[in-house]
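The values are calculated or read from the model by the stated rules, or taken from the named source; none is laboratory data. Only a predicted model underlies this, so the values are computations on that prediction, with no experimental measurement involved. Backbone-built Cβ (ideal geometry, glycine too); neighbour counts: all protein chains shown.
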Amino acid sequence: MPKTTIISEGKTTNEAIENGLKELKVSKDQVDIKVIDSEDKRSFFSILAPRVVKVELTVKEEKEETQKKEKKVLEPLTDEEKEIAKNNLKTFLDQFIKAIKEDAKYSISEEDNRILVNLEGKDLGFMIGYRGETLYDFQNILSAIANKNINKKVSIILDIEGYKEKREKTLEELAEKVAKTVVKTRKSVTLEPMKAYERKIIHSKLQENDKVTTKSIGEEPRRRIVISLK
């Protein structure tokens, strides 16, 4: 997989590096830096010329999201364990719904050894938060509640007013749009930081694209996707 490398310029080495980091949209610890033209190597004849320092920045290679982590296989729940988990959720959600909104409703179902929780109601945007951050924090809370008195791990999937489906569609459209830009300009594009579940959608959408490739760079919570030409 090709590395992302650029040549950046500035009046000083630090300025050249900063200009390059801004262009790549990464932090200093995410790149390898090589000084090409230093301000310390100026000759007598170039003293009157404008000072230009050139540095080469290369984004450090990291394994793709799908290769970095192995999928955890959840041990199947018994019918009794499922009922315990659902009752734990019902007890909590009954009280929670009364506290936040009387017209809100919830439903609990099962799918592939997972328990799905769906919240519906008017003006529940505050439960979703910026790009679903509040929703996923609340999902973690529900997971802890569902796992009470159960030795196995219970997988809880929460959705609020169909947010996840809408967000997935938005990210897939973004992936296609950026891929077209990369093919047209022949330049790599680094997306803004995303959570793992959002990066997975981008990777999956472009996995079969024969013109571009994707990889993840950086560390959580600033991990990003780079879309490049194959």
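A count restricted to region 144-176 and to residues that are in a helix (DSSP H, G or I), crowded, with 16+ Cβ neighbours inside 10 Å and more than 21 Å from the chain's Cα centre (by Cα) stands at 2.
Out of curiosity, is ARG131 of a type in the set (Lys, Arg), touching a residue at least 24 places away in the same chain (Cβ under 8 Å) and either outside the structural domain of ILE145 (by TED's automatic domain parsing) or at positive phi (or both)? For ARG131, the condition - of a type in the set (Lys, Arg), touching a residue at least 24 places away in the same chain (Cβ under 8 Å) and either outside the structural domain of ILE145 (by TED's automatic domain parsing) or at positive phi (or both) - is met. Pairing residues of region 208-221 that are closer than 16 Å to THR58 by Cα and touching a residue at least 12 places away in the same chain (Cβ under 8 Å) with residues that are β-branched (Val, Ile, Thr) and assigned to a loop (DSSP other than H, G, I, E, B), at Cβ distances under 7 Å and at least 6 apart in sequence or on separate chains, gives ILE217/VAL26; GLY218/VAL26. Suppose the filter is surrounded by fewer than 18 Cβ atoms within 10 Å (Cβ to Cβ), on the phi > 0 side of the Ramachandran plot and assigned to a loop (DSSP other than H, G, I, E, B); does ASP123 pass it? Spelling it out, ASP123 is indeed surrounded by fewer than 18 Cβ atoms within 10 Å (Cβ to Cβ), on the phi > 0 side of the Ramachandran plot and assigned to a loop (DSSP other than H, G, I, E, B).
Among the residues of region 177-199, those that are surrounded by fewer than 16 Cβ atoms within 10 Å (Cβ to Cβ) and charged (D, E, K, R) comprise LYS177, LYS180, LYS184, ARG186, LYS187, GLU192, LYS195. Give the residues of region 216-230 that are touching a Lys or Arg at 6+ places or on another chain (Cβ under 8 Å) and basic (Lys, Arg), sorted by residue number. Once the filter is applied, which keeps residues that are touching a Lys or Arg at 6+ places or on another chain (Cβ under 8 Å) and basic (Lys, Arg), region 216-230 yields ARG223, ARG224, LYS230. The one condition from (1) part of a strand (DSSP E or B); (2) under 30 Å from PRO193 (Cβ atoms) that SER109 does not meet is (2).
The single residue among ILE141, ILE108, ILE145 that is out of contact with any helix residue (DSSP H, G or I) (no Cβ under 8 Å at 6 or more places or on another chain), among the hydrophobic types (A, V, I, L, M, F, W, C), under 13 Å from PHE92 (Cβ atoms) and free of Cβ contacts under 8 Å to residues at least 60 places away in the same chain turns out to be ILE141.
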